[in-house]
Amino acid sequence: MTYGRGNAYERMLSVAVAALHERDPDRLWPLFAETLPGVCGGEALIYKLDEWNESSGTVGLPPGGAAFELLDEESMGLLRTGYPFAQHYATEHERAPVTARQVAGTRWPSSPTARLIGELMDVNHVLAIPLPGSSTPVTGCLIYRSGRDFDDDHIRLGRQMQPLLAAVEQQRRLLQRWQRTVVWADTAGAPDGPAQDCDLTPRETTVLLLLTDALTAAAMGRRLGISSRTVHKHVENIYRKLGTRDRISTVLRAQQLGLVPTPASPRPLRRGQGPEAGTSSGTAAFLP
């Protein structure tokens, strides 16, 4: 479904709000994969959240893509490589959206990748939307369409989506980190029960994880793509739900509940070694 350009960004924001209530990190990108193509004038989307190369990496395929399941390794390698974008972003510092035709010119229609996507999806144009700050060759999404190439307005919309997609990817990684913590807590036998009993929202959970990293509100806001004021609101909610009043007590309480891992016990001080020579893990970082 293609959305009108006037409400395209509003549609993506509504999807983002829904994503922030999703606790399963594996569902975040599929949520956007259903909407983003229509916003940017496309028909299908493939996303790849690690380095593009022909031999490895998981590719997020479009819904109902049964034909992809029958691909041989050579064909999957073409999709993983992301021609012609991998080479383009390897030499281009700016992570701006660009089309395959803009990068490869007249070589694009006759390329093996163009022939492959034509057979699989009956499309002939591709728009790459890399995540800002991603490593080379490229991390992000490829949007496909048939007929005319993506125009300047589609590319502009793709650029507007980049900060939103970067925030979603950060949320996904933090939720994955939280899932590993829950598994750890279940294995270790957290004394005060499972993490789910605290009633933290997925967004509050990710803010809590960043609190353990001793980040400032401004740094957390940059990481999550939100304002410092919004971060403070999330922190206030975390304090209220955990019954704490400051960062240190919050982190300690979260460790007791199995919401965050307990740091390894510090090694005992050697004779003659004062407190200034070594600090206890998990506490000193939160001091002013």
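Cβ-to-Cβ counts within 10 Å put Tyr239, Tyr83 in ascending order as Tyr239, Tyr83, the fewest first. Spin-label model, Thr106/Ser227: points 7 Å from Cα along the beta carbon direction are separated by 5.3 nm. In this rough spin-label picture, where each label sits 7 Å from Cα along the Cβ direction, the Arg180-Asn237 distance is 2.5 nm.
Rounded to whole numbers, the Karplus 3J(HN,Hα) couplings from phi for the range 139-154 are 10, x, 10, 10, 10, 10, 8, 10, x, 6, 5, 4, 9, 4, 5, 4 Hz, using 6.51 cos²θ - 1.76 cosθ + 1.60 with θ = phi - 60°, and x at Gly and Pro. Counted over all Cα-Cα pairs of the range 76-145, pairs farther apart than 20 Å make up 21 percent. Each Cα pair under 8 Å and six or more residues apart adds its separation to the average, and for the range 8-165 the resulting relative contact order is 25 percent. The alpha-carbon positions of the range 189-263 define a convex hull whose volume is 80 Å³ per residue. For the range 233-249, backbone phi angles converted through the Karplus equation (6.51, -1.76, 1.60; θ = phi - 60°) give residue-by-residue couplings of 5, 4, 4, 4, 5, 5, 4, 5, 6, 8, x, 10, 10, 8, 5, 4, 5 Hz, Gly and Pro being listed as x. Taking amide H positions as modeled 1.01 Å from N, with prolines and chain starts lacking one, the residues under 5 Å from Ala44 and 5 or more places away or on another chain are Tyr144. Legend: calculated FRET efficiency, Asp122 to Ala18, from the Cβ-Cβ distance at R0 = 35 Å, rounded to 0.05, equals 0.75. Per the Debye calculation on the range 8-165 with a single equal scatterer at every Cα and no solvent contribution, log₁₀ I(q)/I(0) for q = 0.11, 0.17 Å⁻¹ amounts to -0.39, -1.00.
What order, most packed first, do the peptides 165-172, 39-46, 17-24, 112-119 have when packing is the mean number of other Cβ atoms within 10 Å of each residue?
Taking the mean over residues of other Cβ atoms within 10 Å, the ranking is 39-46, 165-172, 112-119, 17-24.
In a simple Cβ point-charge model (Lys, Arg +1; Asp, Glu -1; nothing else charged), the range 189-263 has a dipole of about 340 debye relative to its Cα centre.
No lab work stands behind these numbers, since they all come straight from the coordinates. What you see is a predicted model; the values in this text were computed from it and never measured. Positions of Cβ are backbone-derived with ideal geometry, glycine not excepted, and every protein chain shown enters the neighbour counts.
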